[in-house]
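Each remark here refers to the structure printed beneath this line.
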Amino acid sequence: MDTLRAAQPHYLPLKSSKSLATWMEGGSISSNSDHRCFIGLQPIFDRRGSVFGYEALCRIEPTNWFTGDSRDATHSIIRDWLLDGLYRFTGTKPVFVNCTRQDLIEGFVALPPVPIIVEVLETVEVDEWVLGACRELRTLGIQIALDDFELCRSNERLIELTSYVKVDFQLCSKEQRREILDCLRTKSIRFIAEKLETREEFEAACDEGFDLFQGYYLAHPLLLSKDRTYMSWLNHFRLRWMSRRRRGRWRRQGTASA
């Protein structure tokens, strides 16, 4: 904790620029900007000030924000990056990937050959399909995180499958944060303070007992881009095939249960 308080963390999120340049140029189909793909990687720090992992943030142009459909964003991250060499940037550190309900039950997030942590969005309605998908991910060794967490009856069953809880400092008051930590302290859960924008918020997160830290005060997302490769297009058809296969499975199971 003292190390992290002492100064804003320093980190080296990328490997040598030479090896990265070789990879980003190799296999590209075009240098036209219309064929480029983008991603933001925001570091998540531990209490020692070391980078624990990254949150993957979809970008559709060279700006550090995204407006669009959450599901399209997840597909883009998986197709263009997680299945096409993102490990060259992140190494063995886990990548947090935001997932909608459909992303979970269609199983796309089980594909990447890199360590990921599935971040279940706060908008996901928890039902038997979602619980079953999360249990399946756990059997594959993939951990679950709950985004923008608030205590409510709807996510009680999902908590038992969860390894990380992210608490938004711009949405939750000090009293709400204390209630969350006190309620879940006995469980094997690590708490992530997110959207830390000031030194005061960061110091409050340290004092309140959070384990991991994320926000603009510590580091802005690192924007990366590369030409879309042939592998991206193959991955696109791979995801479409999986989606159709899963939908067929739902119909069969729905018919059987009826």
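List of remarks:
- Restricting attention to region 124-163, the residues being within 21 Å of Val95 (Cβ to Cβ) and in a loop (DSSP other than H, G, I, E, B) number 10.
- Ala145 in contact with a Gly (Cβ under 9 Å, 6 or more places away or on another chain), aliphatic (A, V, I, L, M) and buried (at least 16 other Cβ atoms within 10 Å of the Cβ): no
- Residue within region 200-208 that is modelled with pLDDT of 95 or more, crowded, with 21+ Cβ neighbours inside 10 Å, on the phi < 0 side of the Ramachandran plot and in a loop (DSSP other than H, G, I, E, B) present: no
- Any pair with Cβ under 8 angstrom, 6 or more apart, that starts in region 135-148 at a residue that is without any contact (Cβ under 8 Å) to a residue 60 or more places away in the chain and ends at one that is in a helix (DSSP H, G or I) and of a type in the set (Lys, Arg): Ile144/Arg138
- Among the residues of region 181-195, those identified as among the β-branched types (Val, Ile, Thr) and either out of contact with any Asp or Glu (no Cβ under 8 Å at 6 or more places or on another chain) or within 15 Å of Arg157 (Cα to Cα) (or both) are Thr186, Ile189.
- Qualifying residue in region 141-157 (condition: at pLDDT below 95, closer than 18 Å to Arg101 by Cα and of a type in the set (Ser, Thr, Tyr)): yes
The values are calculated or read from the model by the stated rules, or taken from the named source; none is laboratory data. Just so it is clear, the structure is predicted and the values come from calculations on it, not from any experiment. All Cβ positions, even for glycine, are placed from backbone atoms using ideal geometry, and neighbour counts span all protein chains on display.
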